[in-house]
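Accompanying notes for the structure given below.
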Amino acid sequence: MCGIVGAVAQRDVADILLEGLRRLEYRGYDSAGLAVINNSEIQRLRRVGKVKNLADSVAESFPQGGTGVAHTRWATHGEPTEANAHPHMSQDRIAVVHNGIIENYKELKAELSEEGYHFSSETDTEVLTHLIYKLLSQGECLLKAVQTAAKTVTGAYGTAIIDKQNPDVMVVARSGSPLVIGLGIGENFVASDQLALLPVTSRFIYLEEGDVARISRKSVEIFDKNGEQVERKVNLVDAKADSADKGEYRHYMMKEIYEQPTCVRQTLEGRISASGIETGIFGQGFEEVVPKINHVTIVACGTSYHAGMVAKYWFEQYANVSCSIEIASEFRYRKFYVHDGSLFVSISQSGETADTLAALRLAQEQGYLSSLSICNVMGSSLVRESDYHFMTRAGTEIGVASTKAFTTQLVSLLMLVLTIGKHKGLPAGVELEIANALMQLPSKIENALLANKEIEALAEEFADKHHALFLGRGDQYPIAMEGALKLKEISYIHAEAYAAGELKHGPIALIDAEMPVIVVAPKNDLLEKLHSNVEEVRARGSILYVFADKDAKFQSEENVRVINVTPTEDIIAPMVYTIPLQLLSYHVAVIKGTDVDQPRNLAKSVTVE
């Protein structure tokens, strides 16, 4: 959520800041602003709505200056208004941008108000801004003021501050909300996501929890939570500056749906072959941990949680270990039982999901055997704080509704199942069967994508719908849940998913001619049971949309629309059957005229609780 970009350079930085904000639009926001220091004065512009609105204002006023900060805001405290937009200022001297939530802002606001500070917004960030100014006015330098303020506030923050009396310096601080420093030649930058800075640098430093840094054109000084100066590793990121380009596609989401065959190949490369799963792919020393694993606890949110639900079926069927799957935001706030020999697995596309990170930190205090993160962003907090990590290699995912991150998470989890299963009695023949199925998966996804035009035409029937039900059985039930999530995320149609056998235990009361029912129906051991469930729906007048293996004995007829899916091995069917559901949600959203890539109220990287 939200986005931060900052720069200290010899050239004017307004355009750099704007480009950075454009690249962070995928994170979700409702207002945008920037501030630059020009001749010892701060020029600030803020606008509600898209970054384009801010860019238009910048083009009119031409703010000049080599030191500046910019921000896209996703409203938490206060409505999306210009007064609540960042940067916030105090006494026209400092400008502050901030991601996260200051939990004790009410107490601090009361104290500052008594001391005569005026508040022009409803935000918690303005409290932080006045607090830093107060410390400056008491004689502290900007660095010391931020360090002291960091010890005074509680909550999560990633923040960048500029001071017109120190125009060549920017100070940044990180606690619970990511910040990365970009290193240039005679100029340096900061952002909440390295993607924002790829046009200007490929060298990055990831700040650790509690770090505060002083950044100038020629130097970066980093201090840890104890105030000690420290060195942090410089990372070279091999990424193209045009990775955020939609290319020939109308939306990022569609581009990312079609990238899935390539992404899966990247996930598999060097990790699996016709001989089975390779050793050492989960990190040095992990193979010694595996024999001790008796249980797997998976913790995740949203789409990643659905990936974990599928993996539960796999762990118990193929790896011969019990598995529990937890919603991160719930796991943190209940008493839980730690199984002997339990591996803690966290899943996150960004590696900065606040609830998942907090769950990992809690688990590390509770006696788990070890921790493993499955993530798409190298250098993210989740990756750095886990004992082991496994990169999905999906590439940058811009669309808020996750697609390629989901399928590559499933592939990654299945490789973890194979790695553990080898030590838990998985027959060598089964390992080879699964390995070969995974190697065929990219071509299976390519075949599934061939149904795009048929699904696009089908989506027209959802134009006037307000509700939908998704049904699946076995490991297709989480896929039905993921399909329902995609539809409601981007089309705003209320959608729910059920294990098909549960339909008669209550939800069948909702079935009528206005309730479309979407069914995923691979040819597997549960197919006959699924047929019975479908007949229950059909008898009550609903229109059925069945995504089925051509040998699954479903036929299109009145009130039944059948879309054939390429015949697929059971083990990889969840990845294949999610493709048509992604396409359906996409085309329905386009028909509905919603903002496909940036749906309302949502953010790509959820860095607040």
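For this structure, a couple of remarks:
- Rounded, prolate or oblate (a/c below 1.5 giving rounded, otherwise prolate when a/b exceeds b/c) for region 246-426 by Cα gyration tensor: oblate
- For region 478-506, there are no residues whose amide N sits under 11 Å from a probe point set 7 Å from the Cα of Asp512 along the beta carbon direction.
- Put simply, when 129-139, 583-593 are sorted by average Cβ atoms within 10 angstrom per residue, most first, you get 583-593, 129-139.
- Cβ-defined net charge surrounding Leu581, 9 Å radius [Lys, Arg +1; Asp, Glu -1]: 0
- Under 12 Å, Cβ to Cβ, from Leu45 - net charge with Lys/Arg +1 and Asp/Glu -1: 0
- In straight-distance terms, cross-link reach from Lys151 covers every one of the aspartates and glutamates whose alpha-carbon lies under 15 Å from its own, apart from those fewer than eight places away in the same chain; here that gives Glu103, Glu107, Glu140, Glu209, Asp211, Asp224, Glu228.
- Length released on extending from Asp224 to Glu446, taking residue separation times 0.36 nm less the Cα-Cα span: 75.1 nm
- Electrostatic bookkeeping for Val13 treats Lys and Arg as +1 and Asp and Glu as -1; over the other residues with beta carbon under 13 Å from its beta carbon, the sum is -3.
- Length-normalised contact order for the chain - Cα pairs under 8 Å, 6+ apart - percent: 12
- Sequence-distant aspartates and glutamates (8 or more away, or on other chains) whose Cα lies within less than 14 Å of Lys312: Glu326, Asp475
- For region 442-601, relative contact order (Cα pairs under 8 Å, six or more residues apart, normalised by length) works out to 31 percent.
- In this simple spin-label model, placing a label point 7 Å from the Cα along the Cα-to-Cβ direction at both Glu107 and Asn53 gives a separation of 3.6 nm.
- Gap separating the Cα centres of region 331-389 and region 43-104, nearest whole Å: 34
- Length-normalised contact order for region 289-347 - Cα pairs under 8 Å, 6+ apart - percent: 55
- Counting beta carbons within 10 Å around each of Asp211, Asp12 and listing the fewest first gives the order Asp12, Asp211.
- Global geometry of region 99-180, whether rounded, prolate or oblate, following the gyration tensor of its Cα atoms and the 1.5 cut on a/c: oblate
- Computed per residue of the chain from DSSP H runs no shorter than four, each worth -39500 (n - 2.57), the mean residue ellipticity at 222 nm is -10000 deg cm²/dmol.
- Around the amide H of Leu179, modelled in the peptide plane, lie the amide H atoms of Leu207, all under 5 Å away and 5 or more residues distant in sequence or on another chain.
- In terms of other Cβ atoms within 10 Å, Val230, Val417, Val299 run from fewest to most in the order Val230, Val417, Val299.
- 24 Å Cα-Cα reach of Lys553 towards lysines, excluding residues that sit fewer than 8 places from it in its own chain: Lys444, Lys453, Lys504, Lys523, Lys529
- Ordering 29-40, 386-397, 356-367 by mean Cβ neighbour count within 10 Å, with the highest value first, yields 29-40, 386-397, 356-367.
- The Cα atoms of region 31-92 give a gyration tensor whose axes a ≥ b ≥ c have a/c of 1.5 or more with a/b no greater than b/c, which makes the shape oblate.
- For region 156-277, the number of Lys pairs with C-alpha atoms closer than 28 Å, counting only pairs eight or more positions apart or on separate chains, is 7.
- Highest mean packing first, where packing is the average number of other Cβ atoms within 10 Å per residue, the peptides 276-286, 253-263 line up as 253-263, 276-286.
- Counting 0.36 nm for each residue step from Asn436 to Glu496 and taking away their Cα separation leaves a gain of 18.2 nm.
Taken together, the values in this text are just the output of simple stated rules run on the coordinates, not laboratory data. These figures come from a predicted structure and were not determined experimentally. Cβ sites come from the backbone with ideal geometry, for glycine too, and all protein chains shown count toward neighbours.
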